[in-house]
Structure formats: C-alpha cells, structure tokens
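Everything on this sheet refers to the single structure shown next.
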Ligand SMILES: [Zn+2]
C-alpha cells in the first residue's frame, strides 16, 4: 500500500493504479471557497483509502478533519469547533469528457458517485467535505449552560434573556453587527433587490 501526499484537497485520479492506495491530502481552508463558507479555518486534512474495482473503477473511502470558526449562540463570541466527517466516493472512468456527478436515490447521504473523463486528472473534494460539514454540524451552536450560567462550550458567561434585551440598545457588539449590515448594503456587487436579512 502506497501513501502519497498532496498539497490540495484534490484526488489525483491519474495517479491511481491497480493497487490499493492511501492518499493524504491537505489544504488551507481559505483556498477552498465552499468550505470556508461553512466557517472552516486553518488547515483541512483529508485521508482517502482507494480500492481498485473491476472495470476501471475505484472506491474511495474518505475522511476529513479541520476546524470551524463559529459564533457561539450563548455568548456571541467566536468558538472553535473541530470537525471530522466521512464520505465514500465511487469513481468510474467515462468515455465522455469532464466530471459527471450522479445522484442515485439509493445512495446514502455520505455516498458520492462520479464519472471521470479522459481529460480529468484531479477530482476536487472540497464540495463533498463542505456538504458533509453542513449535514453533520450545527453552524449556529447554542451550547448548554452549566450551573453558573456559563456556556459549557467556551466557558464564558452567557447572556440571560434580560441582558439580551438591554444588549439590543447598548451592547457595542450589536453596533458592530449593524456596521457590517450597513457596509453590506453599500456594496455595489451585493444582491441588492429588497432581500433583507435579519430583523427589520
Ligand atoms: Zn459560548
């Protein structure tokens, strides 16, 4: 069994041979748009066990791990949430060009199937990892509180309902949020037309 290292979270299809292989892949989350949109930061690691099947096909059994930077719903501070996801990828050679992902209704949510044209050398895995993160992690966590009213996740003192009401007016963090919304409105490239998010 061979182990190879690659700089990016792409499966190098052209390097797969007739023997089982373990691929270790790594990327900066900032280079992977869909994944960074889920809140992923720092390095993302993936490991894929590739088993050759009959008929120029391969089964990849993958796992990926990294860190999500989320906003704690209790204390409104940033919270680092490690993630670990798994997926299966069935790869088949195709006579067509390009990559063709198929969505078979019988597949499990972590099973993916792709046909690979002769022009394809690499299979991007960031969409799969991003989708599994979305399916498996609450990106808006509201952790439980301990007896001292502290967030069990980050240990910070949580807002009580009363404090949250007052925070609407005085807490500087809300002012910062409003600033973000305002700058979003001014962005000429932003999706303008009347789709307002949050409270009116
Ligand atoms: Zn917290």
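The values are calculated or read from the model by the stated rules, or taken from the named source; none is laboratory data. Bear in mind that the values here come from a model prediction, so they are computed numbers and not experimental data. With ideal geometry, Cβ positions are generated from the backbone for all residues, glycine too; neighbour counts draw on all protein chains shown.
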Yes or no: residue 139 modelled with pLDDT of 85 or more, within 24 Å of residue 65 (Cα to Cα) and assigned to a loop (DSSP other than H, G, I, E, B)?
yes
The residue that is farthest from the ligand (Cβ to nearest atom), considering only those in the range 148-168 that are part of a loop (DSSP other than H, G, I, E, B) and modelled with pLDDT of 75 or more, is 148
Could you say whether any residue in the range 111-124 is more than 13 Å from the ligand (Cβ to nearest atom), in contact (Cβ under 8 Å) with a residue 24 or more places away in the chain, closer than 18 Å to residue 80 by Cα and in contact with a helix residue (DSSP H, G or I) (Cβ under 8 Å, 6 or more places away or on another chain)? no
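So which residues in the range 132-152 are closer than 30 Å to residue 61 by Cα and without any contact (Cβ under 8 Å) to a residue 12 or more places away in the chain, if there are any at all?
138, the sole residue that qualifies.
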Scanning the range 1-26 residue by residue, those modelled with pLDDT under 90 and under 15 Å from residue 126 (Cβ atoms) turn out to be 6, 7, 8, 9, 10, 11, 12
Among the residues of the range 103-115, is any under 23 Å from the mean Cα position of the chain (by Cα), at pLDDT below 90, outside any loop (DSSP other than H, G, I, E, B) and more than 15 Å from residue 13 (Cα to Cα)? no
If you go through 79, 59, 68, 90, the only one that is at pLDDT 90 or above, within 16 Å of the ligand (Cβ to nearest atom) and either surrounded by fewer than 14 Cβ atoms within 10 Å (Cβ to Cβ) or part of a strand (DSSP E or B) (or both) is 68
Only one of (1) in contact (Cβ under 8 Å) with a residue 24 or more places away in the chain; (2) within 16 Å of the ligand (Cβ to nearest atom); (3) over 13 Å from residue 133 (Cα atoms); (4) in contact with a strand residue (DSSP E or B) (Cβ under 6 Å, 6 or more places away or on another chain) does not apply to residue 73, and that is (4)
